[in-house]
Amino acid sequence: MCAYVLMRIFESSPKKYDWGIRIITLGKAENVYDSLASHVKSGQRVLDIGCGTGNMTIRAARRGALVKGIDVNPEMLEIALAKIEKENLSDRVELHEMSVVELDKEESESYDVVTAVLVLSELTTHELDYTLKEVMRILKPGGLFLVADEVVPRNRLKRVINWIIRAPLLLITYLVAQRTSHPIKNLPERLEKAGFIIESIRVSRLENFVEVVARKPMRETE
Amino acid sequence: MSNLRYLVANVLCTLLRFIPIPCRTGVIKIGNPGRDSPVLLTCNYWLTVERVKKAIRGIDCYLLVANSRGINVWCASAGGHLTNHSVISILKTSGIEELVGHRNIILPQLAASGIEAKVIKEKTGWNVIWGPVYAHDIPEFLRNNLKKTPNMREIKFPLRQRLEISVAWAFPISLIIGLILFFVFPKLMIPALVAIWSLSFLTFLAFPLFSRMADRRRKRTPNGQPRFLDTLIYSLFVWGIFILLVSIVEFLTGQLSWIEILRWAAISVILTFVLNMDLMGLTPIYRSEFLKDRLLTIEINQEKCIGCRTCENVCPRNCYRMDEEKNVAVMVEAERCIKCGACIVQCPSDALYFRRPDGEIVPPEVIRKFKLNFIGTRAVRVE
């Protein structure tokens with residue numbers, strides 16, 4: 001029986017993905033998508049890294065942007081595709097099974113906005129550094145990098161509280177949605193180190209979740 | 001220090017075998033590697049990395065640890081956690097491309113159900129070479145000019161692994177049941193724990209008996225899956241042995257009575273049933289009886305087959321033989337197949353595919369995309 005239950009667990013069903021995200025973020029996910037998407041303007045070229053089931057991609061496309069969504073999970077993309085067709089956004093969205101390490105195939109300075117919601121925390125440290133470098137390259141000068149993710153709180157007390165709250169949540173999400181996460185340390189600093197200017201940053205009360213709007217600097221000659 | 005770490009990893013990961021335990025990804029230098037040294041890849045399950053490191057100690061090479069979310073190679077690649085993306089990522093971000101002059105990477109054979117050699121070559125320029133199933137065969141494989149013997153290709157279920165699985169099963173179950181009984185019915189706690197551990201060991205020690213019975217039947221059933229009846233007969237056998245052992249112990253200690261025997265029988269019958277319910281699913285050499293895709297069959301389109309022997313090279317059950325005259329692969333031991341899908345995923349001419357019980361074909365591109373196999377995701381309906 002163990003093996004059977006185990007196999008079910010390994011079946012990372014994307015249908016449960018949205019549900020899993022909702023538990024992990026305690027229902028904040030919807031607001032996060034909406035508030036980040038409000039920075040996208042009509043006609044802009046947007047790259048949605050780790051688009052998953054298309055939550056961010058669809059919001060950006062609804063605002064009139066041309067969106068490219070990439071993800072490593074073909075099943076998630078299948079669900080995203082169905083959602084996009086249902087909303088009649090197919091002419092403004094393209095989806096690709098692609099990982100962040102293939103961003104080197106994208107043209108330099110070709111995007112107005114790059115978004116990454118709950119994806120940077122899934123990357124290894126090497127991948128994270130690589131991604132930040134590549135995003136910097138493919139953004140147009142003045143372009144925006146919109147990030148929302150789980151982070152490690154700075155305050156030690158909050159770190160402990162956070163851990164106590166998260167432990168059972170992680171167990172449930174792991175069992176139900178097979179999602180684990182590795183909160184990022186020093187996300188704003190990492191962005192600044194990669195050369196981004198932080199425009200605004202919203203931190204949750206427990207300091208365990210941030211929403212960052214970062215900008216690629218304009219060219220100095222301009 | 002490294003011996004201690006090896007020991008801790010073995011103990012911890014055996015007790016908690018069903019839980020992913022990740023370790024750091026990246027490149028590990030083994031010995032004193034140079035620009036021509038071989039490059040091997042493995043998953044980031046802690047125990048696997050420790051065992052591979054031990055197996056290749058003394059050989060100058062690079063070991064890449066790719067992200068599989070802390071799951072072992074076979075489960076991760078069949079379940080969609082060790083994918084093309086994991087391999088591409090580690091090749092591009094670990095710095096290995098600057099360390100060696102060649103572009104050959106040795107992957108564990110059991111990763112063949114999840115990683116596509118063709119895609120890796122296209123996207124990174126690296127050639128995939130399928131290594132042996134077990135890490136302890138790597139030194140011989142390297143000495144042998146990267147040639148595998150049939151023995152190196154085959155998955156086995158030896159005594160040591162059977163003991164590991166019995167501990168992996170007994171430990172979490174005894175933890176849960178022990179804790180519950182401690183509060184509810186403390187008198188029963190010790191007998192229950194004794195029953196859990198001894199039944200688990202008995203079941204897996206005597207497993208070759210089950211194997212023989214099941215293999216004989218498999219030859220007669222078209223789809224090669226042992227029937228539920230075998231499991232039932234075997235669990236009754238294990239249960240009988242257990243009761244016999246208990247009676248002997250009680251007789252020797254002078255406590256033998258019908259009431260005692262009945263009590264033990266009652267405790268153990270439930271446990272035996274739970275343990276044997278998916279006995280095959282607990283082994284690497286059979287498929288779970290619960291999964292729908294046990295009903296799929298693999299077929300070869302011999303007109304498409306180019307005789308490249310890739311299927312023979314990646315099959316962990318040695319199901320394929322070459323028809324040298326016609327230069328095509330033949331599945332001579334189809335009843336041994338566990339449907340890991342490795343041959344279908346790797347076939348360069350798309351000559352292999354699954355056929356569903358209703359006669360419909362599941363094409364290779366669907367199997368590759370959705371990891372349709374004995375453990376993988378099921379975006380595609382099987383029945």
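The values are calculated or read from the model by the stated rules, or taken from the named source; none is laboratory data. Everything numeric here is computed off the predicted structure, so don't read it as measured data. Ideal geometry is used to build each Cβ from the backbone, glycine not excepted, and the neighbour counts take in all protein chains shown.
If residue B:126 satisfies all but one of (1) under 18 Å from the mean Cα position of the chain (by Cα); (2) of a type in the set (Phe, Trp, Tyr); (3) within 14 Å of chain A (Cβ to nearest Cβ), what's the number of the condition it fails?
(1)
Hey, can you tell me all the residues within region B:142-187 that are touching a Lys or Arg at 6+ places or on another chain (Cβ under 7 Å) and in a loop (DSSP other than H, G, I, E, B)?
Answer for region B:142-187, where residues must be touching a Lys or Arg at 6+ places or on another chain (Cβ under 7 Å) and in a loop (DSSP other than H, G, I, E, B): B:154, B:155.
Just give me the residues in region A:55-76 being small (Gly, Ala, Ser) and touching a residue at least 40 places away in the same chain (Cβ under 8 Å), in sequence order.
A:60, A:65
Quick one: in region B:96-123, which of the residues that are over 16 Å from the mean Cα position of the chain (by Cα) and small (Gly, Ala, Ser) is surrounded by the most Cβ atoms within 10 Å (Cβ to Cβ)?
B:117
When you scan region B:35-49, how many residues do you find that are surrounded by 12 or more Cβ atoms within 10 Å (Cβ to Cβ) and over 17 Å from the mean Cα position of the chain (by Cα)?
Result for region B:35-49: 5.
Can you give me the ranges of the strands (runs of 3 or more DSSP E) entirely in region A:90-196 with at least 2 residues that are among the small types (Gly, Ala, Ser) and at pLDDT 85 or above?
Those strands (runs of 3 or more DSSP E) span A:139-150.
Kindly provide the set of residues from region A:53-83 that are under 24 Å from residue B:365 (Cβ atoms), surrounded by fewer than 24 Cβ atoms within 10 Å (Cβ to Cβ) and away from every other protein chain (no Cβ under 14 Å), ordered by number.
Of everything in region A:53-83, those that are under 24 Å from residue B:365 (Cβ atoms), surrounded by fewer than 24 Cβ atoms within 10 Å (Cβ to Cβ) and away from every other protein chain (no Cβ under 14 Å) turn out to be A:68, A:83.
Go through region B:147-158 and count every residue that is exposed (fewer than 14 other Cβ atoms within 10 Å of the Cβ), touching a residue at least 24 places away in the same chain (Cβ under 8 Å) and not charged (D, E, K, R).
1
Condition check ((1) within 11 Å of another protein chain (Cβ to nearest Cβ); (2) touching an Asp or Glu at 6+ places or on another chain (Cβ under 7 Å); (3) free of Cβ contacts under 8 Å to residues at least 24 places away in the same chain) across all residues:
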site	(1), (2), (3)
B:55	no, no, no
B:59	no, no, no
B:62	no, no, no
B:66	yes, no, no
B:73	no, no, no
B:82	no, no, no
B:85	yes, no, yes
B:89	yes, yes, yes
B:94	yes, no, no
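Being among the β-branched types (Val, Ile, Thr) and either assigned by TED's automatic domain parsing to the domain that holds residue B:276 or in a helix (DSSP H, G or I) (or both) is the requirement here; does residue B:106 meet it?
no
Looking at region B:256-291 only, could you name the residues that are within 13 Å of chain A (Cβ to nearest Cβ) and in a helix (DSSP H, G or I)?
Once the filter is applied, which keeps residues that are within 13 Å of chain A (Cβ to nearest Cβ) and in a helix (DSSP H, G or I), region B:256-291 yields B:270, B:271, B:272, B:273, B:274, B:275, B:276, B:280, B:281, B:282.
How about region B:358-374: which of its residues are outside any helix (DSSP H, G or I) and either within 14 Å of chain A (Cβ to nearest Cβ) or surrounded by 14 or more Cβ atoms within 10 Å (Cβ to Cβ) (or both)?
Those that are outside any helix (DSSP H, G or I) and either within 14 Å of chain A (Cβ to nearest Cβ) or surrounded by 14 or more Cβ atoms within 10 Å (Cβ to Cβ) (or both): B:362, B:371, B:372, B:373, B:374.
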